[in-house]
Amino acid sequence: MDPVSFPFAHRFDQVSGSAIREIFKVIAQPGMISFAGGNPSPDALPDQMVREIASEVLLANGKQLLQYGATEGYPPFVESLKQYVYEQLHCDIPAILPVTGSTQAMDLLCKAMIDPGDTILVENPSFLGNIQCMKLYQANLVPVESDDSGLLIDDLEQKIIQYHPKMLYTIPTFQNPSGKTLPADRRKKIAELANQYHVIVAEDDPYRDLRYEGSSLPAIKSFDREGWVVFLGSFSKIISPGLRVGYVAGHPDVIRKCTVGKQSTDVHTANLNQAVVDQFIRRNLLPDHIRSICAGYGEKMRFMLKKLSEFPGEVHFTHPEGGLFIWAELPEHMNALKLLPQAIEKKVAYVPGTHFCVNGGHENTIRLNFSNSSMEQIETGMDILNQIISNNL
Ligand SMILES: Cc1ncc(COP(=O)(O)O)c(C=O)c1O
């Protein structure tokens, strides 16, 4: 075909979407040990339970589920979801909208709030999918400094004063990609700053139930007084990412704008999928299911951390208490992008950390996922990485 120069919208100017796609092509090769993705383990996907529930809800209410539904959500699910989120967050949930994965929550929130050139403060590194989303809305992304526990409040306040941002995007629990968890006092302070300076906080918390150690922390949302914090939740990591069911909870005015934005995106989230998640909540199936997932993931995380402790002393890494990822910093002179072909040749894949960094850089970092490999694969793959890094010291 002859090359054609299509007049694509400028919103794509900063977004290529190509770097990671290449890595994911490689992961698909047979025999590859992949620490690269963020997928739940196949063992954690409750296919039998979903099959039974889907069949029951279709028998009971098939015609309604297969018909168009309300953008506001499948009514029984909205009811059970509201109660579920209230119990999770221990705070009033004045409005909630079921969405097609929490990815859509971020898209709708940006659609509702962000004009081209608006500043969004972000953790650095941060979740690639939502960095892409914010860039597509032509936001000016400004990174906020972090320490081992996450966002630094002094830097956050200074940047709020300096940049007058519309929004802060944060993943406070078992952050993707760093695995860090923000302590309660900083969560409270973020909510206070949001209320004081009138900054929307997008609190993206899809990993909060995947805790293998320590105890649960209050959501930033639970400290919110006026409604500046918007909570983005997901059932992807605790039931199934393929169902694409998440939610956005917050002030009724914000949720209303998201609802209007959703009308032209997908009209509504699939009724059948909402009904399945509704039954997981109503039948109280989540606690046992989450417990069983966490047992396996916790074991894998501890084993990967143990293997990392055998790496040369110059390699530093986070010590998450849950989630799916560990973040490692190799010695300053190493370049994880350049080491990747050596790892791939030996059938091990990871994602170089630079891909998660808002302005690039940080080439000596890597993100490691442990949930989607067996213990044997973690043993073999980590030994290979250890050897490659030791050889390049
Ligand atoms: C921090 C974060 N937010 C959102 C998502 C997307 O979740 P969902 O499947 O609900 O769209 C992910 C998925 O990996 C994630 O890591």
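Derivation of every value follows stated rules applied to the coordinates shown; laboratory data play no part. For clarity, every value in this text was computed on a predicted model and none was experimentally measured. A quick note on method: Cβ atoms are made from the backbone with ideal geometry, for glycine too, and the neighbour counts reach across all protein chains shown.
See the values below:
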{"read-out": "Total formal charge among the other residues, if their Cβ is under 14 angstrom from that of Thr71, Lys/Arg +1 and Asp/Glu -1", "value": "+2"}
{"read-out": "Out-of-range pairs (alpha-carbon distance over 27 Å; input Lys189/Lys262; Lys63/Lys221; Lys111/Lys338; Lys300/Lys346; Lys63/Lys257)", "value": "Lys189/Lys262; Lys63/Lys221; Lys111/Lys338; Lys63/Lys257"}
{"read-out": "Charged-residue dipole, Cβ positions (Lys, Arg, Asp, Glu), region 65-284 about Cα centre, Debye nearest 20", "value": "500"}
{"read-out": "Environment charge of Ala336, counting only residues whose C-beta is closer than 13 Å and scoring Lys/Arg +1, Asp/Glu -1", "value": "-1"}
{"read-out": "Point-charge dipole on Cβ atoms (K/R +1, D/E -1) for the chain, about Cα centre, debye to 20", "value": "680"}
{"read-out": "Separation of the Val4 and Asp253 label points, Cα + 7 Å toward Cβ, nm", "value": "4.5"}
{"read-out": "Scattering profile of the chain at q = 0.12, 0.13 Å⁻¹ [log10 I(q)/I(0), Debye over alpha-carbon scatterers]", "value": "-0.98, -1.15"}
{"read-out": "Quarter of Cα convex hull surface for region 76-198, i.e. mean projection, nm²", "value": "7.9"}
{"read-out": "Segment Leu337-Ser41, extension gain: residue separation times 0.36 nm, minus the distance between their alpha carbons", "value": "104.0 nm"}
{"read-out": "Cβ-defined net charge surrounding Thr173, 10 Å radius [Lys, Arg +1; Asp, Glu -1]", "value": "-1"}
{"read-out": "Trypsin sites (Lys or Arg not before Pro) restricted to region 251-356 and DSSP loop, no more than 11 other C-beta within 10 Å", "value": "Arg283"}
{"read-out": "Mean separation of Cα contacts under 8 Å (6+ apart) over length of the chain, as relative contact order %", "value": "24"}
{"read-out": "Ranked by how many other beta carbons lie within 10 Å on average, peptides 145-151, 5-11, 320-326 from highest", "value": "320-326, 145-151, 5-11"}
{"read-out": "Separation of the Arg51 and His316 label points, Cα + 7 Å toward Cβ, nm", "value": "4.9"}
{"read-out": "FRET efficiency for Arg302 and His90, using Cβ-Cβ distance with R0 set to 22 Å, rounded to 0.05", "value": "0.15"}
{"read-out": "Per-residue HN-Hα couplings for region 252-263 [Karplus 6.51, -1.76, 1.60; θ = phi - 60°; Hz; x = Gly/Pro]", "value": "x, 5, 5, 5, 4, 4, 4, 5, 5, x, 5, 3"}
{"read-out": "Leu59-Thr265 FRET efficiency (beta carbon distance; Förster radius 35 Å; 0.05 resolution)", "value": "0.70"}
{"read-out": "Euclidean distance between Cα centres, region 220-267 to region 350-384, Å", "value": "29"}
{"read-out": "Pairwise FRET efficiency - Met375 versus Arg11, Cβ, R0 = 51 Å, nearest 0.05", "value": "0.70"}
{"read-out": "Cα centroid separation - region 104-181 against region 1-67, whole Å", "value": "24"}
{"read-out": "Mean ellipticity per residue at 222 nm, deg cm²/dmol - from DSSP H runs of n ≥ 4 across the chain, formula -39500 (n - 2.57)", "value": "-13500 deg cm²/dmol"}
